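Here's the structure, in structure tokens; my notes come after.
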Amino acid sequence: MLTTDCKFLENELMDVVRMFKNRPTSILHSFRFSDGVFYNDFTVEGEVYAFKDEGQVCDEIIYKRLERRFAKLALYRILSEKYGEKMPWGALTGIRPTKLAYTELQSGKDFRELFEKMQVSKENIRLVEDILKAQEGIYSKAFGADLFVSIPFCPTKCAYCSFITAPIEKTQHFLDGYLQCLEKELASVQPLCGSLRSAYIGGGTPFVLNETDLERVLKATAPLIKGGVEYTVEAGRPDVFTDGKLQMLKDYGVTRICINPQTFSNETLEKIGRKHTVEDIYRAFELSEKYGFIINLDLIAGLTDERTETFIDGVKKAVQTGADNITVHCLSLKSGAKMKEELSYIENDFVADMVAASREILSSAGYQPYYMYRQKYQAGNHENVGWTKAGKACVYNVDVMEETTDNIAVGANAVSKRVFSGGARIERFASQKDLRTYMEKVDETIENRLKFFGKSE
Ligand SMILES: C[S@@+](CC[C@H](N)C(=O)[O-])C[C@H]1O[C@@H](n2cnc3c(N)ncnc32)[C@H](O)[C@@H]1O
Ligand code: SF4
């Protein structure tokens with residue numbers, strides 16, 4: 001449906017097309033660069049459009065960057081006009097708008113100029129400004145790395161979720177072997193964890209483990225954690241919280257936990273196969289409160305046919321709990337999610353209102369947006385935003401989204417990252433996704449990860 005003579009642009013132009021619900025049947029694109037001018041010609045369903053942009057090119061990287069921007073903006077303009085639709089992030093398709101803003105600022109430019117040119121909404125430019133402000137004092141290219149420990153098990157699989165995680169009932173027989181591998185991996189990364197900025201045990205649902213198994217993970221992680229380091233356990237689903245598990249987290253120095261409602265509607269919880277109730281959310285919160293953790297609640301806008309009022313009610317209820325962090329996701333359905341595979345998903349048309357309302361409610365309640373990212377296929381082309389009360393922002397989330405620090409990631413489907421030249425170049429090292437293969441190859445993974453981080457001969 002899209003043909004271009006500029007191969008490196010094909011996927012990015014398709015990303016622009018995918019933002020629109022209505023899509024043309026044919027797009028032809030041709031590109032020419034001459035005397036500092038970028039010529040982008042499009043033929044969309046027989047209609048011809050010609051664009052000319054000037055830009056200063058000093059090397060191949062800048063040349064490609066500018067061509068990407070000009071071509072995407074040109075196509076965005078055509079489609080936006082043709083279908084009468086504007087996107088919240090305009091022609092920007094990348095998943096890290098704040099990283100782009102930092103790149104502009106660090107090269108002495110005002111990111112607002114670029115964002116305006118790319119037709120990002122006023123509200124989103126403001127959001128990025130607020131996030132950059134909230135990251136002052138956290139955003140750092142100066143030192144350290146972050147640790148991630150993957151627990152890819154859950155009580156059941158939620159209908160919207162495409163993470164590589166499996167219901168514990170079906171994977172129980174792997175658990176002991178998996179924990180042995182984690183113990184080995186955690187011991188092996190000790191030489192890499194000299195100056196950790198944060199640690200994160202995530203999933204999946206770490207609290208699906210029973211107390212004995214959870215303690216194995218915490219015990220194996222403990223030698224890597226120095227006092228005072230931010231330490232999150234994404235405990236997860238409210239139905240698996242116990243006082244014993246929470247006490248254990250406290251004993252092992254965990255500072256932050258996630259209790260994830262997703263919604264405060266029992267009807268929606270039932271539809272998405274969460275197998276817990278709103279009562280369970282409050283119970284988990286009450287159990288956790290006395291330990292003094294920083295508490296994060298995750299919500300999702302656009303679940304099933306949920307109406308704006310239901311979502312707003314959920315945001316208000318999340319605020320009423322007094323949680324320190326509230327993360328507002330917008331539904332993003334990828335392959336692997338039951339809702340998408342079974343075509344039971346009805347597109348929710350109210351996500352824009354939900355996003356606007358969540359911003360209003362959370363900022364009025366004193367929360368600041370402190371990190372954000374976008375995903376493919378995200379409802380209404382919106383974003384996920386982490387909100388925090390002053391002084392409670394999660395360093396791990398900022399580091400991962402801004403890609404300023406190395407990430408040492410262990411477990412199945414864990415992706416380690418090495419950051420070079422302050423983020424100008426990133427290299428990744430992924431372990432196996434499938435549990436059985438991960439366990440078979442763990443020794444190889446350990447050796448290769450150490451090499452990846454330059455720690456073995
Ligand atoms: C890695 S998941 C783990 C959370 C934990 N297992 C739980 O569900 O409570 C982190 C968060 O991503 C969000 N999430 C997962 N799937 C999503 C999707 N398809 N669209 C939008 N957000 C999603 C949810 O808010 C979830 O809490
Ligand atoms: S949303 Fe959380 S609990 Fe549900 S399947 Fe995904 S990772 Fe597991």
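The values are calculated or read from the model by the stated rules, or taken from the named source; none is laboratory data. The model shown is predicted, which means the values in this text are computed figures rather than measured ones. Here Cβ is always computed from backbone atoms with ideal geometry, including for glycine, and neighbour counts include all displayed protein chains. Quick note on the areas: whole protein, heavy atoms, side chains included, nothing else; ligands and nucleic acids left out. Shrake-Rupley method; radii C 1.70, N 1.55, O 1.52, S 1.80 Å.
Could you tell me how many degrees, from 0 to 90 and to the nearest 10, lie between the Cα long axis of helix 308-321 and the main elongation axis, the longest principal axis, of the Cα atoms of the chain? That works out to roughly 40 degrees.
Of the listed peptides 397-410, 257-270, what is their order by residue-averaged count of other C-beta atoms within 10 Å, with the highest listed first?
On the way: 397-410: 23.3, 257-270: 21.4.
Taking the mean over residues of other Cβ atoms within 10 Å, the ranking is 397-410, 257-270.
In region 126-238, Cα pairs under 8 Å separated by at least six residues give a relative contact order of 32 percent. Ordering Thr165, Phe143, Cys6 by Cα displacement along the dipole of the chain toward the positive end leaves Phe143 in first place; charges were set at the Cβ atoms of Lys, Arg (+1) and Asp, Glu (-1).
Using a 4.7 Å Cβ-Cβ cutoff, the cysteines of the chain lacking any partner cysteine are Cys6, Cys58, Cys154, Cys181, Cys193, Cys258, Cys330, Cys394.
With the cut-off at 17 Å, report for region 86-129 the share of all Cα pairs above it, as a whole percent.
Numbers: 183 of 946 pairs.
The proportion of pairs with Cα distances above 17 Å equals 19 percent.
Within the set of other residues whose C-beta is less than 12 Å from the C-beta of His276, count the net charge using Lys and Arg as +1 and Asp and Glu as -1.
Details: positive: Arg237, Arg274, Lys275, Arg283; negative: Asp239, Glu270, Glu279, Asp280.
With Lys, Arg at +1 and Asp, Glu at -1, the neighbours total 0.
For the chain, the Cβ-based charge dipole about the Cα centre amounts to some 440 debye (Lys, Arg positive; Asp, Glu negative; other atoms uncharged). Note that region 424-429 has calculated 3J(HN,Hα) couplings of 5, 9, 10, 10, 10, 9 Hz, one per residue in order, obtained from phi through the Karplus relation 6.51 cos²θ - 1.76 cosθ + 1.60 (θ = phi - 60°); glycine and proline are x. Each peptide in 168-177, 86-95 receives the mean, over its residues, of other Cβ atoms within 10 Å, and ordering these scores from highest gives 86-95, 168-177. In the structure shown, the pairs Lys133/Lys245; Lys219/Lys290; Lys21/Lys122 are assessed against 28 Å; a Cα-Cα span above that value is assigned to Lys133/Lys245.
Answer rounded, prolate or oblate for region 229-322, using the Cα gyration tensor with square roots of eigenvalues a ≥ b ≥ c: rounded when a/c is under 1.5, else prolate when a/b is larger than b/c, else oblate. Verdict is prolate for region 229-322.
In the chain, helices alone account for a calculated mean residue ellipticity at 222 nm of -12000 deg cm²/dmol, with every DSSP H run of four or more residues adding -39,500 (n - 2.57).
Using the Cα centre of region 1-85 as the reference point, and only Cβ charges (+1 on K/R, -1 on D/E), how large is the resulting charge dipole? Debye, rounded to the nearest 20. Please list the in-between numbers first.
Details: 13 positive and 15 negative charges, 58 e Å.
My answer is approximately 280 debye.
Comparing Cα centroids, region 107-147 and region 51-86 end up 21 angstrom apart. When the chymotrypsin sites (Phe, Trp or Tyr not before Pro) in region 130-159 are filtered for DSSP coil states and for at most 13 other beta-carbon atoms within 10 Å of their beta-carbon, the remaining sites are Phe143.
Treat every Asp and Glu Cβ in region 291-346 as -1 and every Lys and Arg Cβ as +1, leave all other atoms uncharged, and give the resulting dipole magnitude about the Cα centre to the nearest 20 debye. Please report the intermediate quantities before stating the final value.
Working: 6 positive and 8 negative charges, 15 e Å.
Dipole size: approximately 80 debye.
For region 293-323 versus region 411-457, the spacing of their alpha-carbon centroids is 35 Å.
Whole number in Å², please: accessible area per residue of the chain, 1.4 Å probe, ligands, DNA and RNA not counted. Don't skip to the answer; put the middle values down first.
On the way: 20250 Å² over 457 residues.
Per residue, the chain has an accessible area of 44 Å².
Comparing Cα centroids, region 149-198 and region 377-405 end up 22 angstrom apart. Think of the chain as a dipole: +1 on every Lys or Arg Cβ, -1 on every Asp or Glu Cβ, centred on the Cα centre; then among Gly273, Tyr231, Tyr102, Tyr102 lies furthest on the positive end. Ordering 285-291, 351-357 by mean Cβ neighbour count within 10 Å, with the highest value first, yields 351-357, 285-291.
Relative to the longest principal axis of the Cα atoms of the chain, helix 60-83 runs at roughly 80 degrees. The Cα-based radius of gyration and maximum Cα-Cα distance (Dmax) for the chain are 22.8, 69 Å.
First compute the accessible area of the chain with a 1.4 Å probe, then give the percent of it belonging to carbon and sulfur atoms.
On the way: 9870 of 20250 Å².
Answer for the chain: carbon and sulfur cover 49 percent of the accessible area.
List, in order, the whole-Hz ³J(HN,Hα) value for each residue of region 120-128 obtained from phi through the Karplus relation with A = 6.51, B = -1.76, C = 1.60 and θ = phi - 60°; use x for Gly and Pro. Those phi angles translate into 6, 5, 4, 5, 6, 5, 5, 4, 5 Hz.
For Lys451, the lysines whose Cα comes closer than 21 Å to its Cα, not counting residues fewer than 8 places off in the same chain, are Lys184, Lys417, Lys433, Lys441.
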